[in-house]
Structure formats: C-alpha cells, structure tokens
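The values are calculated or read from the model by the stated rules, or taken from the named source; none is laboratory data. These numbers were taken from a predicted model, which means no experiment stands behind them. A quick note on method: Cβ atoms are made from the backbone with ideal geometry, for glycine too, and the neighbour counts reach across all protein chains shown.
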Amino acid sequence: MSKLVNVAAGVIRAPDGRFLLGRRAPGTFYPGYWEFPGGKVEGGESPAMALARELHEELGIIVDECWPWLVREHHYEHARVRLHFFEVPRWHGEVNDHVHSELAWALAEESVCEPMLPANGPIFKALRLPRFIGITHAAEIGIEPQLKALEAAFASGLECVQIREPGMNEAALGRFAAEVSARAREHRAIVLINASPQLAQRLGVDGVQLNSRALMQCERRPNLEWVGASCHDREQLERAARLGVDFALLGPVRETTTHPAARGIGWQRFTELASGLPMPIVALGGLGVDDWLAARSAGAHGIAAIRGAWRSAGRYPR
Ligand SMILES: Nc1nc2c([nH]c(=O)n2[C@H]2C[C@H](O)[C@@H](COP(=O)(O)OP(=O)(O)OP(=O)(O)O)O2)c(=O)[nH]1
C-alpha cells in the first residue's frame with residue numbers, strides 16, 4: 001500500500017473571477033503539468049495552515065480569507081495523494097512565484113492550461129457550478145408568476161434553476177420545462193429537473209436532481225451533463241460521491257414550510273456532514289442570499305432555495 005500524502009491547494013481568485021494556476025517546473029514530479037498552488041501538509045499543521053504557509057513561501061502572498069471546498073484522493077505511481085482544495089477569495093501581496101515555470105490566471109470555462117495534473121480534471125467542472133440554485137414552485141404560486149419571477153431572477157444573475165413540480169403531470173411539466181428552458185437559454189443558465197434521469201433526457205434539459213430515493217436506486221451516474229443528488233445524511237452523500245455526481249444538495253439547514261416534518265440540521269452539523277467529500281455541497285432549507293457568508297464558512301459551495309430564490313433580485317452570489 002503506497003503512503004498517503006496530504007496536500008493543500010488553493011483556488012486563488014482575482015477580482016474578475018479568474019483563478020491562479022502554476023506550471024510545474026522541470027525536475028519535479030509531472031513537470032510541465034498545471035496545478036493549483038499549494039503543497040504538502042507538514043506534521044502538526046492543519047490543511048488550512050499548510051495552505052497559508054505554502055502560498056506565502058511559493059508565491060509571497062498572505063491569505064486573508066479561505067474556505068474549505070473539496071477533498072479528492074488520487075493514486076499516483078509514487079503515492080496516494082489526498083488533496084484538500086480551498087477557495088481563497090481574499091488575499092494580499094504581490095504574486096512573486098518561486099517554484100513554477102509559468103503562471104496563468106484562468107477561467108473555469110476555458111481549458112487553456114493543458115495538461116492539468118491528473119487529479120484535477122473534475123475541479124474545473126466543480127468551479128463551473130453556479131453558487132445559487134433557484135427551485136421552482138409553480139404549483140403553489142402559479143405558472144405565469146413563476147415564469148415572471150424566473151425572468152427577473154435570470155436578468156439579475158441567477159445561473160441555475162431546478163424544476164421541482166411533483167404535482168404536475170408529464171404533459172404540463174413538458175410545457176413548463178420548455179418555457180423555463182427558453183428563458184434559461186437566453187442567459188446561458190443551467191436547467192435541472194427533479195427527479196428522473198429519463199424525464200430529463202426526454203425533456204432535453206441540462207441535467208437531473210436525483211432525490212434521495214432515486215439516488216439509492218441509481219447503479220451508475222446518469223448520462224447527462226449535470227447530475228445532482230439530494231442528500232440528508234452521510235450515507236447518502238457517500239453514495240452520491242461513489243456514483244460520481246457533480247454536486248449534492250444537503251439539508252434542510254433550517255426548518256422550512258415546504259418540509260415541516262424535517263428538523264433543521266444547522267450549520268455545525270452541515271459542516272460535519274459535508275466535509276471531506278470530493279464534490280461541491282450546496283446548502284438547502286430555509287435559506288436565502290443573506291446566508292451566503294454563513295454557508296461559505298460552513299464549507300458549502302453555494303445555496304439552493306425555493307422561496308428564498310425568488311425574492312433575491314440583484315444579489316445572487318457568484
Ligand atoms: N499543489 C498541488 N499539488 C497537486 C495538485 N493536484 C495534484 O494531484 N497534486 C499533487 C502533486 C503532488 O503529488 C502533490 C504536491 O506535492 P509537491 O511536491 O508539489 O508539494 P510541495 O510543494 O510540498 O513540494 P516539496 O517541497 O515537498 O517537494 O499533490 C494541485 O492542484 N496542486
């Protein structure tokens with residue numbers, strides 16, 4: 001069994017949303033490959049401490065704020081590496097690199113920095129996942145008001161919608177999904193449907209949000225661009241991770257009127273359940289845009305909401 005090496009790596013953001021990549025220098029392991037700046041966790045350090053030290057030693061910058069994000073394992077020839085990815089939205093100092101042969105500020109939609117280290121492939125997709133997912137409730141507020149709310153939300157920067165209309169028959173759902181997709185296309189927003197992959201395929205939307213029952217029945221990742229899974233406990237989250245879904249929703253963080261029987265798990269429990277997983281975890285349940293900072297500090301990639309999504313005009317986090 002090869003030894004396990006813990007590594008901390010940072011997604012260091014510039015104000016325009018680009019993040020920093022470094023090209024591994026000649027004479028190192030995998031020379032010429034691109035990586036997120038960081039390095040090995042040393043004895044007595046937490047991964048966050050190691051990240052701050054490495055970014056100071058390698059790049060000369062000081063981390064002002066960093067959030068835990070994903071943890072991915074990869075087997076290289078020389079070792080099994082556990083990569084603790086952090087997002088670094090605030091830092092200061094001049095970037096003055098000491099270790100890479102080249103640096104680049106990249107966008108998740110571009111793949112200009114090739115080749116990437118093999119463990120890093122899914123990271124770009126995770127970085128493309130929007131920070132806020134609006135969930136429809138047209139059955140409750142009416143189809144026209146929902147479409148109007150959706151138009152306003154897209155115009156204000158909402159980038160992902162989940163159609164969740166358990167009471168609608170398939171014909172009505174087909175018509176509603178077509179209306180939602182037409183509006184989403186104008187804004188290049190992602191459309192997911194709850195909860196059947198076959199339905200997502202038939203309706204031609206971008207992906208599916210598996211509910212926990214569909215998740216437990218799924219033998220392999222459905223063949224759709226985006227696959228999310230709704231989870232309530234660690235067992236479901238681990239199954240979602242094994243299935244290779246792109247993200248999971250975890251909640252309810254707070255009690256909600258839509259699910260009055262479910263008690264809120266709170267942010268502390270959210271962090272315990274969500275930590276150490278290889279895909280982004282999105283917090284759900286009684287939340288709105290005002291919870292963004294609390295969600296990020298708890299290790300959430302973003303927030304999903306039903307009611308909270310449609311009263312957020314102009315302030316969706318990115
Ligand atoms: N920094 C970083 N390392 C990564 C990424 N992806 C990935 O697979 N790795 C792997 C490559 C290496 O096996 C390990 C990092 O080791 P390293 O040798 O660069 O660490 P270090 O800076 O502490 O170097 P050293 O002075 O101890 O030699 O993690 C990534 O995005 N960033």
Seminar exercise, completed: Within the range 14-38, residues being on the phi > 0 side of the Ramachandran plot and not in a loop (DSSP other than H, G, I, E, B) number 1
Problem set entry | Search result, residues across the range 189-201 that are surrounded by 18 or more Cβ atoms within 10 Å (Cβ to Cβ), modelled with pLDDT of 95 or more and under 16 Å from R220 (Cα atoms) | P197, A200
Exercise. Within the group V7, V11, V95, V112, which residue is more than 25 Å from the chain's Cα centre (by Cα) and of a type in the set (A, V, I, L, M, F, W, C)?
Worked result: V95
Exercise. Could you count how many residues in the range 111-122 are in contact with a helix residue (DSSP H, G or I) (Cβ under 9 Å, 6 or more places away or on another chain) and away from the ligand (no atom under 13 Å from the Cβ)?
Worked result: 1
